[in-house]
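*Asks:* I'd like to ask some things about the structure below.
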Amino acid sequence: MKFGKIIVITLLLLFLPYLILKLFLKEAENNLFFEYGKNTYVKVKREKKNVIEEVPLEEYVVGVLSGEMPLSFEEEALKAQAVAARTYVLKKMEAKKEYDVVDTVSNQVYIDEEERKEKWKDKYEERNNKIKKVVHATKGQYVSYQDQVIEAFFFSTSVGVTENSGEVFSKQLPYLVSVESKWDEKVSPVYQVEYNFGLNEFYQKLGLSYQEQLNIKILNTTSSGRVKKLSVNGTELDASNVFSKLNLKSTFFTIEQIGQTVHIVTKGYGHGVGMSQYGANGMAKEGYQYDQILKHYYQGTVIKNLKN
């Protein structure tokens, strides 16, 4: 009996450290995981070159900031964008796929150093230094919700409010809820845009048969008023398809026929979920700091630092 107990105790002593270590590693894997020593590089698929490049994380953020936000924006707005861009790619890195992101609007526009030199020419040093200063000021910072890296969606211009993620995408996330964005109307040049199409051109672009009289019915909208479904002369269409085929700025639109012309007015630019870039710039102009901007557009979140 005593011998049996000794064996059990011995086995426990042998295996207990192993079990504790396994549990610790599992917890570390589920938590924040990212350390500069292990996750320095972002695997970027360069669409035009058709290659995958490994780019240092902070240099990647410099390249995204160069492609995603006007450099004339306020510094606090640029900082907010830098943190959002870093957060976005960290979330993508969790998937551990062949590559983390592509360098286009499908993920985030990324412009490498050579492309920046070509784009900015004699303004390269000035603009590159401005971006690097902003990125360095936010080095390693990302947005977290309940100890998890968030889906840091962002877009150009809101319609006065942002969108609930569940009304635009497939999933409602607690930090991607509709919030006021009153600044966009004042500062964005694309807050409202008008388009004119010939009647025949309009039908051709949508793949519909020509009819002299255009009959539009809005069938479904988001809570902010973005169109989700509509009927054109009895044919039901997804607003996202109309948006894409007509190359509109957003799905917040009105359509009317004026003689042989189809007149369309859009508000906002982009999908409307997460941080509005022009809204962020408007907030910065009013004195908001970048962390306040991020916490406004990503509700209930906190700013954290990667382990160094």
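*Asks:* For E114, E58, what's the fewest-to-most ordering of other Cβ within 10 Å of each Cβ?
*Replies:* E114, E58
*Asks:* Still on this structure, I have one more. To the nearest 500 deg cm²/dmol, what mean residue ellipticity at 222 nm is calculated for the chain from DSSP H runs of n ≥ 4 alone, each contributing -39,500 (n - 2.57), summed and divided by the residues?
*Replies:* Value at 222 nm, helices only: -12000 deg cm²/dmol.
*Asks:* Show log10 I(q)/I(0) for the chain at q = 0.09, 0.11, 0.16 Å⁻¹, two decimals, from a solvent-free Debye sum over equal Cα scatterers.
*Replies:* After summing over all Cα pairs, the log10 values are -0.56, -0.77, -1.29.
*Asks:* Arrange the following residues from fewest to most other Cβ atoms within 10 Å of their Cβ: S144, S72.
*Replies:* The fewest-first ordering by Cβ neighbours comes to S72, S144.
*Asks:* Could you pull out the GluC sites (Glu not before Pro) across region 206-262 that fall in loop regions by DSSP (anything but H, G, I, E, B) with no more than 10 other Cβ atoms inside 10 Å?
*Replies:* The qualifying sites are E212.
*Asks:* Which residues' amide hydrogens lie under 5 Å from the amide hydrogen of V42, considering only partners 5 or more residues apart or on another chain, with H built in the peptide plane?
*Replies:* V55, L57
*Asks:* Can you work out the PRE-style zone for V105? Point 7 Å along Cα to Cβ, and I want the residues of region 218-245 with backbone N under 18 Å.
*Replies:* It comes to 227, 239-245, nothing else.
*Asks:* Please give the length that would be gained between K285 and T261 if that part of the chain were fully extended, namely 0.36 nm times their separation in residues minus their C-alpha to C-alpha distance (nm, one decimal).
*Replies:* 4.7 nm
*Asks:* In a shell of Cβ-Cβ distance under 9 Å around G274, excluding G274 itself, what net charge do Lys and Arg (+1) and Asp and Glu (-1) give?
*Replies:* Neighbourhood net charge equals -2.
*Asks:* Gain in length, T235 to R127, computed as 0.36 nm per residue apart minus the alpha-carbon separation, to one decimal in nm?
*Replies:* Full-extension gain reported as 34.0 nm.
*Asks:* Please report, ordered by residue number, every helix of the chain (full DSSP H runs) that is 18 Å or longer along its axis going by C-alpha atoms and whose mean Kyte-Doolittle hydropathy reaches -1.0.
*Replies:* 2-30, 75-93
*Asks:* Using alpha carbons only, what's the Rg to Rh ratio of region 130-266 with Rh from Kirkwood?
*Replies:* Rg/Rh for region 130-266 comes to 1.08.
*Asks:* Let me ask something additional. Report, in listed order, any pair from K133/K182; K97/K121; K92/K171 with a Cα-Cα distance greater than 26 Å.
*Replies:* Flagged as over cut-off: K133/K182; K97/K121.
*Asks:* Further question: Taking neighbour counts of Cβ atoms within 10 Å as a proxy for exposure, in what order, fewest first, do H136, H296 appear?
*Replies:* In order of increasing Cβ crowding within 10 Å: H136, H296.
*Asks:* Percent of alpha carbon pairs in region 192-267 separated by more than 14 Å?
*Replies:* 57
None of the figures in this text is laboratory data; all of them are computed from the coordinates on show. Everything quoted here is computed from the prediction, not taken from an experiment. Cβ coordinates were reconstructed from backbone atoms using ideal geometry, including for glycine residues, and neighbour counts include every protein chain displayed.
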